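Asks: Got a structure here, written out as structure tokens. Questions coming.
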Amino acid sequence: MSTIIGILTGLALLFVAIVQQGGVSIFFNVHALMIALGGTFAATFISFPLPRVMRTFGILFNVFRSDVESPIDYIRQIISLSIKARRFSVLSLEQNAKLAKDRLLRVGLEMVVDGHDPETIRNVLETEIEFMVDRHAAGAIIFRTAGRYAPAFGLIGTLIGLIAMLRAVASGGSNVKAIGSGMAVALVTTFYGALLTNLFFYPVAEKLRSRTSEEILLARVILDGILLLQQGTNPRVIEKKLNAHLPPYMRRQYNFTEKYRESE
Amino acid sequence: MSTIIGILTGLALLFVAIVQQGGVSIFFNVHALMIALGGTFAATFISFPLPRVMRTFGILFNVFRSDVESPIDYIRQIISLSIKARRFSVLSLEQNAKLAKDRLLRVGLEMVVDGHDPETIRNVLETEIEFMVDRHAAGAIIFRTAGRYAPAFGLIGTLIGLIAMLRAVASGGSNVKAIGSGMAVALVTTFYGALLTNLFFYPVAEKLRSRTSEEILLARVILDGILLLQQGTNPRVIEKKLNAHLPPYMRRQYNFTEKYRESE
Amino acid sequence: MSTIIGILTGLALLFVAIVQQGGVSIFFNVHALMIALGGTFAATFISFPLPRVMRTFGILFNVFRSDVESPIDYIRQIISLSIKARRFSVLSLEQNAKLAKDRLLRVGLEMVVDGHDPETIRNVLETEIEFMVDRHAAGAIIFRTAGRYAPAFGLIGTLIGLIAMLRAVASGGSNVKAIGSGMAVALVTTFYGALLTNLFFYPVAEKLRSRTSEEILLARVILDGILLLQQGTNPRVIEKKLNAHLPPYMRRQYNFTEKYRESE
Amino acid sequence: MSTIIGILTGLALLFVAIVQQGGVSIFFNVHALMIALGGTFAATFISFPLPRVMRTFGILFNVFRSDVESPIDYIRQIISLSIKARRFSVLSLEQNAKLAKDRLLRVGLEMVVDGHDPETIRNVLETEIEFMVDRHAAGAIIFRTAGRYAPAFGLIGTLIGLIAMLRAVASGGSNVKAIGSGMAVALVTTFYGALLTNLFFYPVAEKLRSRTSEEILLARVILDGILLLQQGTNPRVIEKKLNAHLPPYMRRQYNFTEKYRESE
Amino acid sequence: MSTIIGILTGLALLFVAIVQQGGVSIFFNVHALMIALGGTFAATFISFPLPRVMRTFGILFNVFRSDVESPIDYIRQIISLSIKARRFSVLSLEQNAKLAKDRLLRVGLEMVVDGHDPETIRNVLETEIEFMVDRHAAGAIIFRTAGRYAPAFGLIGTLIGLIAMLRAVASGGSNVKAIGSGMAVALVTTFYGALLTNLFFYPVAEKLRSRTSEEILLARVILDGILLLQQGTNPRVIEKKLNAHLPPYMRRQYNFTEKYRESE
């Protein structure tokens, strides 16, 4: 959410500044776009295997759609599930497993319902977490690499424009106006490269990195929660143990009177 | 304290140099500010989750308000508290616990008064220290990242100004004066970006990093001090053990005759 | 494959942009090429021992010819080989060993047919993997280093051009046209350096790095597969164990009814 | 010593080159100095706590005053002290302890004379070494950080000068001479920033780093020497053991016949 | 060897490009050389203790004189020595020890002839290897550091030239020709700095780094070979064990029939 707001605010500010300085049209140039974007994509496709680049677009979509959900909501959910499981049995969680939004929670609950032993559940979930971390780290590297190519191709485009402009000067018939126009076009590519990197590639790479640490925290909470739930641990103990994963300012006291209602 | 003096001195020096070179007004430009500050904030908000950026402002406030307190004062305080505890009992420290300014000392003393076992106290305090270190490290990363965006958006603003100016030249009617004025405006954004990063973002990031190591030292002293106090260790031994945490030039001999007065 | 497409697309985009801005001929300059390419090669040959640079060309050829083969195909192959081995004996794999395309699989199968003990097979194959990783890492370092030299020699060439041009101006007889022409030539070297690094050296270095991790995954699958096959493990267990190496989205269910046909 | 020669030679070369290109006066500008030096100090004072920056000046003084003393001299000294101790007793070293120039040697000898046990001596000396290493590492970081700020404030000063000059052009009445003069002044700040960093901040940071490794070597020799001396080890064995710390080309054979004279 | 060829080729290419663009004389300027070389040396001498810089010149000479010898030759030599030792006795190797070109091999053989125990031999040789690695790493750091100073002093020289030229413009009497000439001179220093770093300092630093890993491989082969030889191991086993250190493509089969002749 904050990602979209960030990009929109950034673009709006730039847009206003640009409009007031002479109109948008002079900042749009199709050759510049071909060089900056095309070069960056070409270099990125050489750098990484195609399927890996493609998977990154899926990750990108995630980054823009929503923030990582709060571990507090999951602690609450696991507590109410554990109360239900203690009242009826873990088999009663079958419907909850199906409806769980988070993949890790869903897989974990299904395994609990199916009666797998804790060691197997832990192994499967830890493998899931590991591959998720790998996938995100790989995504962050791709964006970071693209962010290094974009300004370089911005520079390359500007060099192309400058060389062409200087040759036009050399072959005569040129005047100050033509030089100004040529340089303006040449600089647009550098502008595209700088914008792409600093308002898109680097911030998204950084976002993926910071998201990963949040998702690991969340995954730890879910993993421990499912194992505690399977053992039929007292919900108050579950709450205490899961809260210990969170920084002090995040910890919430669960309202145990409303919990019974929720779990039905 | 030295942070504020540093920023004020830096700004004063720049201000004098600027005034003597042609007045402040030519260094203020609202479009430039929109691009440099707006772009940097936008990119930073994309890079990190909103609550984490917000928490960083709280940390920032701390950095400016005061320096890390000296471990020597805390050693002194712990010694006088330990004498009081040996004379009366740890229960007599209840009032001191409430009045303790440092969060770690307060939490630790409260746990001692409440009679928790040493292992629990150590665990709780170490978790507190760990989360504090994480919070500061996260803050340093945010400032460092913002410090990388600011010059980039300074450059982007300058490119926007240059392109607009060159187009104006190309569309005729322009003269040397207009070119000079256009370039001056364009360069102001680069100036803002460089100033923001080198007089604010990077120094604050560095400050957070160096503060963290001081605060860890202080936290170690408080943690050990509280555990020694709880065991009813001899104050002279406490002093010796806590002093061992400090570099030689920092160690002070405690005046044990005045201590009794203080502890009452 | 995607490497070649990437380079061709990148070159095509640049070519179109260049042609539309004034023709290709002005972007070709033999002195610029001598300085940018010659300087980069010279610096690279000083930096590394000759045989190591030579071996890198072999690796480069590999990068362009084909992508790393999918571990899924190898899992399939190992399963069908294991079925054959269980039906007849490991000796029946002699022909398959000879025909195996992958060096690791070939060496491994030969050792199984020759009846070496598992420990020896593991040692030999792990040494092979280690040397492959070393060779690729060394190759990535060479490309990365060359990628740092290329823009530097681009700059050096531009400096040479600029100095010569300025001297021509100083020695009189020069006019605006000659200056424009001189600067255009000078900038071509920077253009070559930037292009070489960002469309060739860095992407190939990155490719080698990302290939290595894929090849390690593949090698692990083959190594484990051969050892399981030698022990006469049940093919279904082999499939399960080898699949555990893959990220979830890659895992495929093997069709065990068609398998018998394949293995004959 | 080589530090002072290095700086003087560097300055002399630059001075000659400057004088021959147009006189020193044009390279001195008080505004430029205010911005480059003032900005760098301001940013550094924000980055680090005041007492730490102050301590660094003390370290700086050390760097300029003298080189690290050779471990060979200390090995020689320890051997002759050990002979004296074996002849008379460790108590006879009291006077030598007082006169020892090196702090570590002095503290160590005093502890030997006072009859502390080896474990305590080792602990005290190792703590001393550790804090010395920390202090030097902290100093190197401060110089390195200042070395990153200086060119940035050089650029900021140049931007201020350029903007002021361009505004003057824009407000009319300006001519080519004024522009030349304005740019010359503007560039002086960049010149100061580059000089400060490359002839002072970075070299001193590097020096502190390389000194630290020499001082650790020296400290190891002294620490081991004092412990061997305390045990009354044979001087020839002491020499052999201490020499093992040194690289082969540094090892010297001690002349054992002159040794007796020295030790009296 | 390839180092010299690399430097000569690089210089030749640049020389041709330079000559064709206007003659060598305009690229030679004594002030520029004083600033670029003088500044770099001054900064390097401040950064490191004098003896360490001096030792680096010795290492440099080695880099240019010859490549690291192939481990295959040494395996061959050790095998034939081991055959001789088994036939006669290790004492028969005294002459071979004296004639051995490699320092490590010489020291090792001498110790074998003198009858030291394996543990001592291993310790002495490992210390030799360690100090060699340290010396080379220290050398690489010095060249890398000098390579960072050279472009900075190139820039400083250019700034000096530009400021002097702009002042000359400002003080009147200047014309376009003088400006062109002044800028050409100013840019020569940047050219020197870039050339020094990219054709000398960085490549040599890289070379030292890559040599070190080759020399470690060679040293391991020699160390193991000497210990195996001392134990009177079968030459065929020695060959197999030493070959295991080499990458597969390097391994050679030793011709055991010619070996007896050689060893006499």
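Here, each number is a calculation from the coordinates, and none is a lab measurement. Keep in mind it's a predicted model, so treat the numbers as computed, not measured. Cβ sites come from the backbone with ideal geometry, for glycine too, and all protein chains shown count toward neighbours.
Asks: So the label point sits 7 Å from Cα along the Cα-to-Cβ vector; using that for B:LEU217, what distances do you get to the other copies, in nanometres, sorted shortest first?
Replies: With the label placed 7 Å along Cα→Cβ, B:LEU217 yields 2.9, 2.9, 4.7, 4.7 nm.
Asks: Here's something else I'd like to know. State, to one decimal in nm and shortest first, how far the label point of B:ASP73 sits from each corresponding label point in the other identical copies (label point: 7 angstrom along Cα-to-Cβ).
Replies: 4.3, 4.4, 7.0, 7.1
Asks: Then there's this: Equivalent ellipsoid semi-axes for the stretch D:120-259, as square roots of 5 times the alpha carbon gyration tensor eigenvalues: give them largest first, rounded to whole Å. Provide the component values of the computation, followed by the final result.
Replies: Values: eigenvalues 681, 51, 10 Å².
So the three semi-axes of the stretch D:120-259 are 58, 16, 7 Å.
Asks: Need one value for A:204-211: mean number of C-beta atoms belonging to other chains within 10 Å of its residues' C-beta atoms.
Replies: Numbers: counts 2, 1, 10, 5, 1, 3, 8, 2.
Partner Cβ neighbours, averaged per residue: 4.
Asks: State the percent of C-alpha pairs, over all pairs in the protein assembly as shown, separated by a distance greater than 44 angstrom.
Replies: 56
Asks: What is the Cα radius of gyration of the stretch B:5-60 over 2.2 N^0.38 Å, N being its residue count?
Replies: On the way: Rg = 15.7 Å, N = 56, 2.2 N^0.38 = 10.2 Å.
So the Cα radius of gyration is 1.55 times the expected 2.2 N^0.38 Å.
Asks: Would you mind giving the mean number of other chain beta-carbons within 10 Å of the Cβ of each residue in D:182-195, as a whole number? If you can, show how the numbers build up before the last one.
Replies: Details: counts 4, 7, 9, 5, 3, 6, 3, 2, 5, 7, 1, 2, 7, 6.
The per-residue average across the peptide is 5.
Asks: Relative to the other copies, what are the label-point distances for D:PHE57, with labels 7 Å from Cα along the C-beta vector, expressed in nm at one decimal and sorted shortest first?
Replies: D:PHE57 label point versus its equivalents elsewhere: 3.8, 3.8, 6.1, 6.1 nm.
Asks: Just the Cα atoms of the stretch B:1-95: what Rg and Dmax do they give in Å?
Replies: 23.5, 70
Asks: Under 4 °C and 1.567 mPa s, how fast does the stretch A:172-234 diffuse according to Stokes-Einstein, given a Kirkwood radius computed over C-alpha pairs? Answer in µm²/s, whole number.
Replies: On the way: Rh = 16.5 Å.
In µm²/s, the coefficient rounds to 79.
Asks: Moving on. Among the lysines, which fall within straight-line cross-link reach of C:LYS98, defined as a Cα-Cα distance under 28 Å, with same-chain neighbours fewer than 8 residues apart omitted?
Replies: C:LYS84, C:LYS240, C:LYS241, C:LYS259, E:LYS240, E:LYS241
Asks: Could you give log10 I(q)/I(0) at q = 0.15, 0.16, 0.18, 0.21 Å⁻¹ for the stretch B:41-176, computed by the Debye formula over C-alpha point scatterers of equal weight, without solvent?
Replies: -0.90, -0.96, -1.06, -1.23
Asks: While we're on this one: Counting only other chains, and only Cβ atoms inside 10 Å, what mean value do you get across the residues of E:5-17?
Replies: Counting Cβ atoms of other protein chains within 10 Å of each residue's Cβ and averaging gives 6.
Asks: If you don't mind, there's one more thing I want to ask. Go ahead and set up a Gaussian network model of chain D, Cα springs under 10 Å, then flag whichever of D:THR189, D:THR120, D:THR40 fluctuates most.
Replies: The residue that fluctuates most here is D:THR120.
Asks: With r as the distance between the Cβ atoms of C:LEU37 and B:VAL237 and R0 = 51 Å, compute the FRET efficiency 1/(1 + (r/R0)^6) and round to 0.05.
Replies: Working: r = 73 Å, r/R0 = 1.43.
Calculated value: 0.10.
Asks: Same structure again: When the Debye formula is applied to the Cα atoms of the stretch E:46-126, each taken as the same point scatterer, what base-10 log of I(q)/I(0) results at q = 0.23, 0.24, 0.25 Å⁻¹?
Replies: The computed values of log10 I(q)/I(0) come out as -1.11, -1.15, -1.20.
Asks: Taking Cα centroids, how far is the stretch B:99-137 from the stretch D:100-175 in Å?
Replies: So the two Cα centres are separated by 33 Å.
Asks: Follow-up question, since we're still on this one. Relative to the compact-globule scaling 2.2 N^0.38 Å, provide the ratio for the alpha-carbon radius of gyration of the stretch D:124-174. List each step's numbers first, then the result.
Replies: Values: Rg = 22.1 Å, N = 51, 2.2 N^0.38 = 9.8 Å.
Normalised by 2.2 N^0.38 Å, the Cα Rg of the stretch D:124-174 equals 2.25.
Asks: How large is log10 I(q)/I(0) at q = 0.16, 0.20, 0.21 Å⁻¹ when the Debye formula is applied to the Cα atoms of the stretch B:90-156, each weighted equally and without solvent?
Replies: The computed values of log10 I(q)/I(0) come out as -0.64, -0.81, -0.85.
Asks: So, how do all the Cα-to-Cα distances of chain C break down into 5 Å bins, in percent, from 0 on up?
Replies: 1, 5, 10, 12, 12, 11, 9, 8, 7, 6, 5, 4, 3, 2, 2, 1, 1, 0, 0
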